[in-house]
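Here's the structure, in structure tokens; my notes come after.
Each value in this text was obtained by applying a stated rule to the coordinates, not by laboratory testing. The structure displayed is predicted, hence computed values, not measured ones. Backbone-built Cβ (ideal geometry, glycine too); neighbour counts: all protein chains shown.
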Amino acid sequence: MGLRHAVDAAAGVGTITIDRPDKRNAMTRAMWLELPRLLDGLAADPAVRAVVVTGAGGDFCAGADISELTDARHRGHPSTVAETALAAFPKPTIAAIEGFCVGGGCQLAAACDLRFAASSARFGITPARLGLVYPASATARLVRLIGPSAAKYLLYSADLVDAAHALRIGFLNEVVTGDVHARVAEFAATLTSRSLLTQHAAKQVVDAAAIGDPVDDLTRTWQAEAATSGEADEGVTAFLENRSPQFTWTPPS
């Protein structure tokens, strides 16, 4: 039990599963530290064009293992390192969420590019129940994602909200009434058919814009890369020939 990963090379999708169902997939210190290593391996694997993060046993993640939170100020807690590694992952990431997504679970989900949840999922950020302070990077990411008012609602109250609420405030991209894993697999197939260069560029530009950094030079750099890499030529040619493009660009190692 802990974290496990798998690669479906034919689909181009890697999956990281939080596998501690007896504790609702609460993350231990060892699991937080393991996540960046798994992400490094998936980033270097040319067969992987997108990654799904999910939980075993019907829950996404109930957060950090409370028994290990001996430093109430979160100084040096590895959740921040894991969150940063997930947010910086160079390929599209999707959180497939069932059941509880609480505390550090929301921290992981927010660090993914996209979030799809079952209609029965529940969300909460609960440090106020324990007298703790949510990590700075996670708080800033949450504010960028859902805005200051919605972030304060979650952080002040520590209440659990349903998937409809999470969708309404912008935490979720989709609420799925059927099989969330089937829907995520379907959407991942769409992503893996698209240009990874475009996605990689969009991730960098969007993230820069979200924190107020200038994006003109960054965009021009990626436009030049699209032209010189042949990725744009393949996309336009495929469109004119009425066929599916065969994009081959991968992020530099």
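Brief remarks on what is shown
- Phi-based couplings in Hz for the range 88-98 (Karplus 6.51, -1.76, 1.60; Gly and Pro marked x): 8, 4, x, 10, x, 10, 10, 8, 9, 10, 10
- Prolate/oblate/rounded label for the range 114-253 (Cα gyration tensor, a/c 1.5): oblate
- Annotation: extensible slack from L130 through T221 equals 28.2 nm (criterion: 0.36 nm per residue apart, minus Cα-Cα distance).
- Only one item in (1) 32.0; (2) 15.3; (3) 14.0 matches mean projected area of the Cα convex hull in nm² derived from the coordinates shown, and that item is (3).
- Burial ranking of peptide ranges 93-105, 20-32, 204-216, 170-182 (average Cβ count within 10 Å, highest at the top): 93-105, 20-32, 170-182, 204-216
- Spacing of the modelled spin labels on S119 and S229, each 7 Å from Cα toward Cβ, amounts to 3.9 nm.
- Mean separation of Cα contacts under 8 Å (6+ apart) over length of the chain, as relative contact order %: 16 percent
- Taking each DSSP H run with n ≥ 4 as -39500 (n - 2.57) and averaging over every residue of the chain yields -13500 deg cm²/dmol at 222 nm.
- For A226, neighbours were defined as the other residues whose beta-carbon sits under 14 Å from its Cβ, and their charges (Lys and Arg +1, Asp and Glu -1) total -2.
- Degrees separating the helix 196-210 axis from the principal Cα axis of the chain, which is the longest one: 50 degrees
- Taking amide H as placed 1.01 Å from N in the peptide plane, V176 has its amide H under 5 Å from the amide H of A117, A118, S119, each at least 5 places away in sequence or on another chain.
- Net lengthening on full extension, I211/L160 (0.36 nm per residue, minus Cα-Cα): 15.6 nm
- For V52, nonlocal amide neighbours, meaning residues 5 or more places apart or on other chains whose placed amide H falls under 5 Å from its own, are G14, T15, I16, I94.
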